[in-house]
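This report concerns only the one structure given below.
The values are calculated or read from the model by the stated rules, or taken from the named source; none is laboratory data. Quick caveat, the model's predicted, so the values are computed rather than measured. Methodologically, a virtual Cβ is constructed for each residue, glycine included, from the backbone with ideal geometry; neighbour enumeration extends over all protein chains shown. To get the accessible areas, we keep the full protein, side chains included, count just its heavy atoms, and leave off ligands, DNA and RNA. Shrake-Rupley method; radii C 1.70, N 1.55, O 1.52, S 1.80 Å.
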Amino acid sequence: MFLVAFAAVCLITVPLAGGRLSRLTDVPLRWVGAIFASLVIQVVIVSIVPDGNPWVHRALHLASYVLAAAFLWANRRIVGLWLIALGALLNAIAIFSNNGVMPASAAALRATGRLTSTKGFINSGVLAHPRVRFLGDIFAMPKWLPLHNVFSIGDVCIALGAAIAIHTLCGSRLAVRVGRASRRSRRAPSAAPTR
């Protein structure tokens, strides 16, 4: 939900920064079916059919990340996707290291008002002996915010990469300013050596 909320903010701010959302339709995306399949799998196992064989759900959760990785690799030349790929990799490391479940902080879950235990499959939850817990869902959007949920360092990378990609592809002034500043810093002459 953190990523959904952040993506919505990005889309809303594009016109405010002089960009055009219609430019997104001109982006030649490849392997779109892979990313849609990844999203469908995650929605099904988390929201629609959370009960069932936990090992099947975990295998499908891992498979969804493989499909997302295929999409990111196929579109790796699009600006910002390298940062999205880094975030997805960090999340995948945490999930693969914990048998298909993203480890979550109990304090973060309490801050969002979410229950820390459930009978069905959980894509993110408190584990008895989590591995690489620092890559898990250790941050929280408080429960008084809409779409409150826990999120990870990987999610932050994905959100920033999406913001860069959306604003750049839409011709936003925010992306132009960042690009100009980056080019100026690369062209800046180095300081003359002192004698």
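Here is how the numbers come out for the structure above:
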item: Relative contact order of the chain, pairs being alpha-carbon contacts under 8 Å that are 6 or more residues apart, as %; result: 29 percent
item: Against the rule of thumb 2.2 N^0.38 Å, how large the Cα Rg of the chain comes out; result: 1.18
item: Chain lengthening between residue 111 and residue 4 when straightened (0.36 nm per residue, less Cα-Cα); result: 36.6 nm
item: Estimated 222 nm signal from helices in the chain, with DSSP H stretches of n ≥ 4 weighted -39500 (n - 2.57), rounded to 500; result: -17500 deg cm²/dmol
item: Surface accessible to a 1.4 Å probe, residue 133 within the full protein complex, Å²; result: 120 Å²
item: Using a Förster distance of 22 Å, the FRET efficiency for residue 23-residue 82 (Cβ separation, nearest 0.05); result: 0.65
item: Interchain or long-range residues, amide H under 5 Å from residue 139's placed H; result: 151
item: Tilt relative to the chain, helix 32-43 - C-alpha long axis, 0 to 90 degrees, to 10; result: 40 degrees
item: Cα long-axis angle, helix 173-187 against the chain (0 to 90 degrees, to the nearest 10); result: 60 degrees
item: For segment 123-172 versus segment 73-89, the gap between their alpha-carbon centres in whole angstrom; result: 16 Å
item: 0 to 90° range, to nearest 10: angle between helix 2-16 axis and the chain longest Cα axis; result: 30 degrees
